[in-house]
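Read-outs throughout are calculated quantities, based only on the coordinates presented, and are distinct from any laboratory measurement. Because the structure is a prediction, the values reported are computed rather than measured. Glycine also receives a Cβ, built like all others from the backbone with ideal geometry; neighbour counts cover every protein chain displayed.
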Amino acid sequence: MIRFVDVHKSYRVDGKDIPALQPFSLDIADGEVFGIIGHSGAGKSTLIRLINLLERPSGGSILIDGTEMTALGDAALRAQRRRIGMIFQHFNLLSSQTVADNIAFPLRLAGETDAGKIKARVDELLRRVGLEAHASKYPAQLSGGQKQRVGIARALANRPSILLCDEATSALDPQTTASVLELLAEINRELKLTIVLITHEMDVVRRVCDRVAVLDAGRIVEHGAVADVFLHPRHPTTRRFVNEALPEEAAGELAPYTHVPGRILRLSFRGEATWTPALGRVARDTGVDFNILAGRIDRIKDLPYGQLTLAMQGSGVDQALVALRAAGIEIEELNR
Amino acid sequence: MSAPLLQSLFPNIDDWAELGHACIDTLLMLGGSLALTVLIGLPLGVLLYLTGKGQLREMPKLYAALSLVVNILRSIPFIILMIVLMPLTYVLVGTKLGIRGAIPPLVIGAAPFFARLVETALREVQRGVIEASQAMGASTWQIVRHVLLPEARGGLIAGTTVTAIALVGYTAMGGAIGAGGLGDLAYRYGYLSYKSDYMFVTVVLLIVLVQLLQMVGDRVVARFAGNRQ
């Protein structure tokens, strides 16, 4: 478990303290994928670097499995860092070393000298990330997605229990992003690794994260299960992120529908409710008419969800809402 | 080229063997001083880099002190540095003359210059790569040895070439005050005795030497640079 207690960070610039992160407390559980989303400058790079102490907090306490990170001496900190893998937006591979040597690098840093053991581990990691054929290439000869796979293999070399992802897909095209995220999800599932990722894309959070914290100007403004935050964003910054992920839906904004007659409702289905024909049944039973204004059915990680914006008319609307809620559908009225 | 032809082209050069010796002396001075310059300048450059602002081992006072010494040594014209250092040279190698006497001032003159080139080359290494190594639990020494030096080797080799060429110039200057080598011949015969053919031949030899050094340096850089972004 990663535990932040009253952690804050400010930078000293020209004799003045510039706050980067306001005091916050946060727990990240073992084996979960935890996303931190924020615009650039919100403090997410600083936050993720507090975990392996690439940035030292100005105050507060950072505990990893009960170990107070800020109290560690140099050698102990280096030993702890070997248990925390990290991947980066720009990959940060050694350009003078081959793929295999890049992956072997953390093993050698940790003092492994047995060439046979190193090779066996490197081969295993190459297979995991699907780069068996590229062992003797140099980073410059690889595509962005392949470079990130090397980064992931390197991060996993010392069998860490935590993997930090610093905008790991931000420099990749959408297809490559999807395949890298899939690999991360697979690693999380199979190795039971805790993953902490920072991103500015809600879509990344939606695809792989279990929980998310939204960071705005150095402050965690909202956090919780991705489905809750994603379907019911409260803070304006969260809304903006959700809107980016759901452009046609406009996530519950009333503005485009003010001229539409009837009551404007937003229905959220989650899990099994997504697959039941509740809406049609309720409409038949209560005699209401509805008109779909916007909608989407997708997944949040492994959870299917649907979100429909409807205009509903007729005398039985109140009755319909009760029936829909009874079927496990969450409803918000946008024009009430 | 036959001996009579050489005789007619360069009438004042009566002892070609002396010229050959001078060449060898220059090469020995160059080789010896370059090796020592790299040996001293490389760690000095690494230290300058590490203690610099915002770097791994930021130490503003040490950096300022090192920087000052380097700047002072670099701002003294080499011929004056050589004269100033004569007592020290005598203490270090037991003579002020010849190849041995030339090497201490050559090294003291060139090492600070090389150290600056090393510092500049190391600054070109991407910060992210260093950060990634820190995140992997690398110590400062491991980062220097396994990240900074290999990643910067193109720049380091180019810096060595530039330094070697600067040293060729220094050895020639050293010739004027008793170091021997091609500079000595050019100065004694070419300048003091008006034998312009000596001047011509030594200058041509120096040009050839510099060209060779640059070519070799560029080749080596290209070999290592082939795999890089």
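About its Cα centre, chain A has a charge dipole of approximately 700 debye under the convention of +1 per Lys or Arg Cβ and -1 per Asp or Glu Cβ, with nothing else charged.
Take the Cα of A:Arg296, step 7 Å toward its Cβ, do the same at A:His235, and the gap between the two points is 2.0 nm. Each of B:Leu97 and A:Asp30 was given a label point 7 Å from its Cα along the Cα-to-Cβ line. The distance between the two points is 8.0 nm. The angle between the Cα long axis of helix A:236-245 and the longest principal axis of the Cα atoms of chain A comes to about 90 degrees, rounded to the nearest 10.
Legend: calculated FRET efficiency, A:Ala327 to A:Ala133, from the Cβ-Cβ distance at R0 = 60 Å, rounded to 0.05, equals 0.70. For B:Val208 and B:Asn71, what does the FRET efficiency come to when R0 = 30 Å and r is the distance between their Cβ atoms, rounded to the nearest 0.05? Once the sixth-power term is evaluated, E becomes 0.35. Bridgeable aspartates and glutamates around B:Lys195 (alpha carbons under 19 Å apart, same-chain partners fewer than 8 residues away excluded): B:Asp14, B:Asp15, B:Glu18, B:Asp184.
Computed on the Cα trace of the range A:62-148, the radius of gyration divided by the Kirkwood hydrodynamic radius gives Rg/Rh = 1.03. Of all the options B:Gly181, B:Gly169, B:Gly137, the one that moves most in a Gaussian network model of chain B with Cα springs shorter than 10 angstrom is B:Gly137. Charge dipole of the range A:79-160 (Cα centre as origin; +1 on each Lys and Arg Cβ, -1 on each Asp and Glu Cβ, all else neutral): 240 debye, rounded to the nearest 20.
Counting, for every residue in A:149-160, the Cβ atoms of other protein chains within 10 Å of its Cβ and taking the mean gives 1.
Once the Cα atoms are used to define both axes, helix B:196-225 deviates from the longest principal axis of chain B by about 30 degrees.
Note on the protein assembly as shown: dipole from Cβ charges, positive end direction compared against B:Leu39, A:Ala29, A:Gln319; the farthest Cα belongs to B:Leu39. If R0 is 35 Å, the Cβ-Cβ spacing of A:Asp289 and A:Ser170 corresponds to a FRET efficiency of close to 0.20.
Each Cα pair under 8 Å and six or more residues apart adds its sequence gap; the mean of these over the residue count of the range A:2-245 is a relative contact order of 27 percent. Across peptide A:89-95, the mean count of Cβ atoms from other chains lying within 10 Å of each residue's own Cβ comes to 6.
Please compare each pair in A:Lys44/A:Lys119; A:Lys147/B:Lys61; A:Lys117/A:Lys192 to a cut-off of 31 Å on the Cα-Cα distance and tell me which ones are over it. Violating the 31 Å Cα-Cα cut-off are A:Lys44/A:Lys119; A:Lys147/B:Lys61. Within a 10 angstrom radius of each residue's Cβ in B:138-148, how many Cβ atoms of other chains show up on average? Whole number is fine. For this peptide, the per-residue mean of nearby foreign Cβ atoms is 3.
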